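Only the coordinates and a few stated rules stand behind these numbers; no lab work does. Please read all numbers here as calculations on a predicted model, not as lab measurements. Don't worry about glycine lacking a Cβ; one is built from the backbone with ideal geometry, like all the others, and counts go over all protein chains shown.
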Amino acid sequence: MHFKLLVVFVDDSKTDAVMSAARESGATGCTVVNNARGEGSKESKTFFGLTLTGQRDVLLMLVEEHLSRKILEQIAKVGEFDESHGSGIAIQIDVEDAVGVLRQTALLAEVVEEQL
């Protein structure tokens, strides 16, 4: 079984909704890194040296490759990534190898077979 790593940068107010959407689309788990900060094509506004942007979360999801695009699209929809400027981005990265995913592999085998 092959996996993809989904890396999602999302406004912290949408983290729970994005995680729920990912789970409904086939993700079996998620690691959340809180209080990330980033800057897009426009510089963040500051007030006396303090940044006025909201906090971001980084979500890391190891997902089965056949489910990855569906999960990615659902994350983008729920997170409103294409509708709202600065709402977040999501990328997928090929995973060459993974350990510690034996239970997820057994669970995902049935799900993937049904979709193929």
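See the values below:
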item: Calculated from backbone phi, Karplus (6.51, -1.76, 1.60) coupling profile of segment 23-31 in Hz, x at Gly/Pro; result: 5, 5, 8, x, 5, 9, x, 7, 10
item: Cβ-based net charge around S87, under 12 Å, with every Lys or Arg adding one and every Asp or Glu removing one; result: -2
item: Net charge contributed by nearby residues that have their C-beta within less than 13 Å of V78 (K/R +1, D/E -1); result: -3
item: Per-pair calculated FRET efficiency, R0 = 25 Å: L5 and S87 via Cβ, rounded to 0.05; result: 0.75
item: Protection proxy ranking of 85-97, 66-78 - average other beta-carbon atoms within 10 Å, highest first; result: 66-78, 85-97
